[in-house]
Amino acid sequence: MMKIAVLPGDGIGEEVMKEALKVLKKVEAKFNLHFDFTHGLIGGAAWPQYKNHFPQETQDLVLDSDAILFGSVGGPVDAQSEPKWKDCEKNSILSIRKLLGLTVNLRPAPIYKELLDFCPLKTEITGTENFEILVIRELSGGIYFGEHSRPTVDTAKDVAEYDRKTIAHIAKFAFESAMKRSKKLTSVDKANVLETSRLWREVFEDTAKEYPEVKLENVLVDNMVQQLVKNPRQFDVIACPNLFGDIVSDLTSVLPGSLGMLGSASFGNKNIHLYEPSGGSAPDIAGKGIANPIAQILSASMMLRHSFHLVDAADAIENAVSEVMKNGLRTGDIYQKKEGLKLVGTVEMGDAICANISL
Ligand code: NAD
């Protein structure tokens, strides 16, 4: 039994989650699987009943699950400025990340050739075929978690720390990911200046000895961002410390053309992993039936691949998304007036993806 906690949250969360569940039910039937879905309230969706963004009942559900399919949080659409919503994101998604002890974040940026008009780079640079860059970010260490202080009005201090064990954990994860893909891994650091980066590079080079088939390349972060803009196709799996991963994954996130195309996964030390779209609750379009459900659907396929090792089912979803892109169906975020393209809403997009998963 695969126990999945379904936490749609607020904003567009509920709308896009419905489509992801529709797709999961389709693969359930096709591959003769059985998912056990339990719904929970979080963020703005939990507040009216619990006066809490992450109620105990939802925390219990999370800890009693095999995987979490998360939507988005931000508070109710029409009351964003009220103080009680101010900490909604912090109190819900950040708390759930803490509860699960999440240490590794996966952000794939899939570039579909049909959406190249939405990619900010010229096609001379991207080429005209599909490709995907996978950014793997360390989530639990580095400067974000060191001491932050303001000794005087004119001085401030943020301490960056890493230890061998934390780096070895993500290095192993990155090499394993590279083994399943092109066997090429790029590790990002600033080893010419930072001691933490020298340790990072040392551990990646040590780990490389266990994976002789993987070609490891160490790239300084400043060069990395230049190369990503000049020639993104040279990269496949990119592993970064926390701070650099935050920046590098934001750069790659603009390449697909819309946040609505980006799923993500975070892995923790409790073996309960969390899958969520990279974007937020999109209050500007919530409730209108126009949000792109693909980010949520691709997050669901990542869940099947990584938490349940259902590679065929995950491939079936990802192939169906590619087919729908080829067939010209587009939600508003990826639509332009062009022959062969049809503007559709959230539900029609979910239906089309289901229709491309044949029974
Ligand atoms: P956002 O990602 O919600 O929206 C940015 C832009 O992208 C908007 O124009 C939105 O319409 C568009 N967009 C995002 N997802 C889309 C989709 N699936 N389909 C079509 N268009 C899509 O970011 P924001 O506006 O900065 O934040 C809104 C709220 O979300 C804030 O309250 C913020 O705190 C919260 N937030 C939550 C999460 C999370 O739940 N993990 C992450 C980021 C932001």
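Could you identify the single residue in ASP189, ASP250 that is over 19 Å from PRO108 (Cβ atoms) and not assigned by TED's automatic domain parsing to the domain that holds HIS309? Every option except ASP189 fails the conditions.
Note on region 25-46: residues that are surrounded by fewer than 23 Cβ atoms within 10 Å (Cβ to Cβ) and in contact with a Pro (Cβ under 8 Å, 6 or more places away or on another chain) amount to 1. Taking residues in region 288-313 that are more than 21 Å from TYR112 (Cα to Cα) and in contact (Cβ under 8 Å) with a residue 12 or more places away in the chain, and partners anywhere that are surrounded by 19 or more Cβ atoms within 10 Å (Cβ to Cβ) and of a type in the set (Val, Ile, Thr), the pairs with Cβ atoms closer than 7 Å and at least 6 places apart or on different chains are GLY289/THR346. Restricted to strands (runs of 3 or more DSSP E) entirely inside region 212-280, those with at least 1 residues that are within 16 Å of the ligand (Cβ to nearest atom) are 263-268, 273-277. Looking at region 319-347 only, could you name the residues that are of a type in the set (D, E, K, R) and crowded, with 17+ Cβ neighbours inside 10 Å? ARG330, ASP333 - these are the residues of region 319-347 that are of a type in the set (D, E, K, R) and crowded, with 17+ Cβ neighbours inside 10 Å. Among residues of region 232-247 that are under 13 Å from ILE167 (Cβ atoms), those with a beta-carbon under 6 Å from a residue that is of a type in the set (D, E, K, R) and modelled with pLDDT of 95 or more at least six positions away or on a different chain give the pairs CYS240/ARG137; PRO241/GLU138; ASN242/GLU138; GLY245/ARG137. Criterion applied to ALA208, ALA156, ALA178, ALA160 was being assigned by TED's automatic domain parsing to the domain that holds VAL237 and under 14 Å from PRO241 (Cα atoms), and the one residue passing it is ALA160. Candidates in region 342-359 are the residues that are within 16 Å of the ligand (Cβ to nearest atom) and assigned to a loop (DSSP other than H, G, I, E, B); of these, the one that is nearest to PHE267 (Cα to Cα) is GLY345.
Is it the case that some residue within region 212-230 is over 25 Å from the mean Cα position of the chain (by Cα), over 24 Å from THR128 (Cα atoms) and at pLDDT 95 or above?
Residues of region 212-230 that are over 25 Å from the mean Cα position of the chain (by Cα), as a first pass: 212-213.
In the following step, the residues that additionally are over 24 Å from THR128 (Cα atoms) were identified as 212-213.
Now restrict to residues that are at pLDDT 95 or above: 212-213.
Yes, that holds for at least one residue.
Within the set LEU262, LEU255, the sole residue that is surrounded by 22 or more Cβ atoms within 10 Å (Cβ to Cβ), of a type in the set (A, V, I, L, M, F, W, C) and touching a Lys or Arg at 6+ places or on another chain (Cβ under 9 Å) turns out to be LEU262. Entry remark, region 26-55: residues being modelled with pLDDT of 95 or more and over 22 Å from the mean Cα position of the chain (by Cα) number 9 in total. Of all residues in region 281-291, those satisfying the criterion of being more than 6 Å from the ligand (Cβ to nearest atom) and not hydrophobic (A, V, I, L, M, F, W, C) are GLY287, LYS288, GLY289.
Scan ALA291, ALA282, ALA265, ALA286 and give me the residue that is touching a His at 6+ places or on another chain (Cβ under 7 Å), under 22 Å from LYS18 (Cβ atoms) and outside the structural domain of GLN227 (by TED's automatic domain parsing).
When all the criteria are applied, what remains is ALA265.
Looking only at residues in region 199-231 that are within 16 Å of ARG164 (Cβ to Cβ) and acidic (Asp, Glu), which one is surrounded by the fewest Cβ atoms within 10 Å (Cβ to Cβ)?
First, the residues of region 199-231 that are within 16 Å of ARG164 (Cβ to Cβ): 199-210.
After this cut, where a residue has to be acidic (Asp, Glu) as well, the list is 202, 205-206, 210.
Details: GLU202: 13, GLU205: 13, ASP206: 13, GLU210: 10.
In this case the residue turns out to be GLU210.
Inspect region 316-334 for any residue being of a type in the set (Ser, Thr, Tyr) and either within 12 Å of the ligand (Cβ to nearest atom) or over 23 Å from CYS119 (Cα atoms) (or both) and give the result as yes or no. Can you show your working first?
Of region 316-334, the ones of a type in the set (Ser, Thr, Tyr) are 322, 331.
In the following step, the residues that additionally are either within 12 Å of the ligand (Cβ to nearest atom) or over 23 Å from CYS119 (Cα atoms) (or both) were identified as 331.
Yes, because at least one residue in region 316-334 is of a type in the set (Ser, Thr, Tyr) and either within 12 Å of the ligand (Cβ to nearest atom) or over 23 Å from CYS119 (Cα atoms) (or both).
Count, please, the residues in region 27-56 that happen to be in a helix (DSSP H, G or I), touching a residue at least 12 places away in the same chain (Cβ under 8 Å) and in contact with a Leu (Cβ under 8 Å, 6 or more places away or on another chain).
Taking region 27-56 first, the residues in a helix (DSSP H, G or I) are 27-30, 43-45, 47-50, 56.
Those still in the list that are touching a residue at least 12 places away in the same chain (Cβ under 8 Å) too: 27, 29-30, 43-45, 47.
Retained after the next criterion (residues that are in contact with a Leu (Cβ under 8 Å, 6 or more places away or on another chain)): 27, 29-30.
Qualifying residue count, region 27-56: 3.
State whether one or more residues within region 193-205 are on the phi < 0 side of the Ramachandran plot, in the same structural domain as ILE170 (by TED's automatic domain parsing) and touching a Leu at 6+ places or on another chain (Cβ under 8 Å). Yes; the residues of region 193-205 include at least one that is on the phi < 0 side of the Ramachandran plot, in the same structural domain as ILE170 (by TED's automatic domain parsing) and touching a Leu at 6+ places or on another chain (Cβ under 8 Å).
Restricting attention to region 284-318 and to residues that are in a helix (DSSP H, G or I) and not hydrophobic (A, V, I, L, M, F, W, C), the residue that is surrounded by the most Cβ atoms within 10 Å (Cβ to Cβ) turns out to be GLN296.
The values are calculated or read from the model by the stated rules, or taken from the named source; none is laboratory data. Since the structure is predicted, the reported quantities are computational estimates derived from the model, not experimental observations. Methodologically, a virtual Cβ is constructed for each residue, glycine included, from the backbone with ideal geometry; neighbour enumeration extends over all protein chains shown.
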